[in-house]
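Chemist: Sharing a structure, written as structure tokens. Questions coming.
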Amino acid sequence: MNQGVRRAGAGQGAAAAVQLLVTLSFLRSVVEAQVTGVLDDCLCDIDSIDNFNTYKIFPKIKKLQERDYFRYYKVNLKRPCPFWAEDGHCSIKDCHVEPCPESKIPVGIKAGHSNKYLKMANSTKELEDCEQANKLGAINSTLSNQSKEAFIDWARYDDSRDHFCELDDERSPAAQYVDLLLNPERYTGYKGTSAWRVWNSIYEENCFKPRSVYRPLNPLAPSRGEDDGESFYTWLEGLCLEKRVFYKLISGLHASINLHLCANYLLEETWGKPSWGPNIKEFKRRFDPVETKGEGPRRLKNLYFLYLIELRALSKVAPYFERSIVDLYTGNAEEDADTKTLLLNIFQDTKSFPMHFDEKSMFAGDKKGAKSLKEEFRLHFKNISRIMDCVGCDKCRLWGKLQTQGLGTALKILFSEKEIQKLPENSPSKGFQLTRQEIVALLNAFGRLSTSIRDLQNFKVLLQHSR
């Protein structure tokens, strides 16, 4: 009798194993079949992005993120949520963000804005103005008096109307430097009502969507039988290009963050030592075409679309950094020069990409209507950046704020083409400026997208090897 039970159990185990392998094989083939081809609203194909990212972008952007200028990010994680009383919390200790000790921050960064401009600030008044500037510590110290005056004039200039994000006040006592390399983005266990409320608020209240239209997989949506989200995509395709782009950017950002969590998952913890790595089951739960009713591959395509948008922004902003006046200042002259060389090399690669998104196709209608739509677009995104202060997990909030600010900076660049073209070579410009905070967010956010696409390739390989 016992032998019969053992044989039956063994047979069931073997059958289950075969079924699992068949499922993984099916998942791999379906994901590959659906996440391929030409993207909507542009003329670029996914395979070209994969190859470009793997062989040109990913190795260099990863190296850039390790440089001192880009690894230290100043952020205020204590700003209260402006929309509701936040009650969320992480389920594991890895949600905690460890601020950077003062002794570890490079002298050129921790000195604040004043010392970064110290050699060009010849009077107390100028020094005060520099402290008020809250702008990039990247100006060559050999400026002429005329250039100094231009900079001070620019520093007083209120450019908030150009921002797509709610920027943290870096002078706030609550703002702290964080070493991004020591606080990596990964699965923290933050989920449930608190996390859902954040994303629900983003999609339902800020993506130009009427409440009568329900997103796929929205648990608040009423049962719709065999609809499976088709009515949502019928509505989405009926929108103007700008509003479709907005939704795809948010969906792509959401997909990218989910990929990071799947790729850096807490697999086990032995004797207090956590083991992090890719979790195929979690990847399947979030992106499997069957489990997500076809929604997973659509979200992954939006990731590629977001990558294209930020890639285009980097190619457009290159002239800003190519000027001799811009110096990525940390206090280490040799490393600063190497960092700028690496950054310019990345910009050259971005400009060589042959299938860029054409941002001129946006806001191209009558001037009054286009201006109004652009402002609505900007304010909606700015509101999303404010929602990041409602994230209950510190590490999730850190990376949410950084990636949102990075995307906001990319949008600011794309819609400032005329100002960038008019930049003076040897002096600051009132028309277009980037703070150090924006620069760090821009390159790290793009680095996260590059990593997401690389992680997706890795998951495809893992699924293939699991056959």
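The values are calculated or read from the model by the stated rules, or taken from the named source; none is laboratory data. This one's a predicted model, so the numbers in the text were calculated from it and none came from an experiment. A quick note on method: Cβ atoms are made from the backbone with ideal geometry, for glycine too, and the neighbour counts reach across all protein chains shown. Heads up: the accessible areas ignore ligands, DNA and RNA and are worked out on the full protein's heavy atoms, side chains in. Shrake-Rupley method; radii C 1.70, N 1.55, O 1.52, S 1.80 Å.
Chemist: May I ask you to list the residues in the stretch 276-300 that are in contact with a helix residue (DSSP H, G or I) (Cβ under 8 Å, 6 or more places away or on another chain), over 18 Å from SER452 (Cβ atoms) and open to solvent by 60 Å² or more (accessible area, probe 1.4 Å)?
Modeler: Correct list: VAL290, GLU291.
Chemist: Is the stretch 52-62 home to any residue that is at pLDDT 90 or above, open to solvent by 90 Å² or more (accessible area, probe 1.4 Å), in a helix (DSSP H, G or I) and under 27 Å from THR350 (Cβ atoms)? Break it down stepwise before answering.
Modeler: Step one: list which residues in the stretch 52-62 are at pLDDT 90 or above, which gives 52-62.
Those left that are additionally open to solvent by 90 Å² or more (accessible area, probe 1.4 Å): 55, 62.
Now narrow it down to the ones that are in a helix (DSSP H, G or I): 55, 62.
The next check asks that each one be under 27 Å from THR350 (Cβ atoms); those that pass are 55, 62.
Yes: one or more hits.
A quick yes/no check of all residues on (1) in contact with a Phe, Trp or Tyr (Cβ under 7 Å, 6 or more places away or on another chain); (2) assigned to a helix (DSSP H, G or I); (3) open to solvent by less than 40 Å² (accessible area, probe 1.4 Å):
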position	(1), (2), (3)
LYS248	yes, yes, yes
GLY252	yes, yes, yes
LEU267	yes, no, no
PRO274	no, no, no
LEU306	no, yes, yes
SER324	no, no, no
TYR329	no, no, no
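Chemist: Of the conditions (1) within 30 Å of ILE387 (Cα to Cα); (2) touching a Gly at 6+ places or on another chain (Cβ under 9 Å); (3) surrounded by 14 or more Cβ atoms within 10 Å (Cβ to Cβ); (4) at pLDDT below 90, ASP87 clears all except one; give me its number.
Modeler: All conditions are met except number (3).
Chemist: Going by the structure shown, is LEU379 open to solvent by 40 Å² or more (accessible area, probe 1.4 Å) and of a type in the set (A, V, I, L, M)?
Modeler: yes
Chemist: Right, another one. Open to solvent by 70 Å² or more (accessible area, probe 1.4 Å), assigned to a helix (DSSP H, G or I) and either of a type in the set (Gly, Ala, Ser) or in contact with a Ser or Thr (Cβ under 6 Å, 6 or more places away or on another chain) (or both): which single residue out of SER385, SER372 fits that description?
Modeler: SER372
Chemist: A follow-up question, please. Are there any pairs, at least 6 apart or on different chains, whose C-beta atoms fall under 9 Å, with the first in the stretch 196-216 and over 25 Å from GLY392 (Cβ atoms) and open to solvent by 30 Å² or more (accessible area, probe 1.4 Å) and the second basic (Lys, Arg) and assigned to a loop (DSSP other than H, G, I, E, B), and if so, which?
Modeler: TYR214/ARG224
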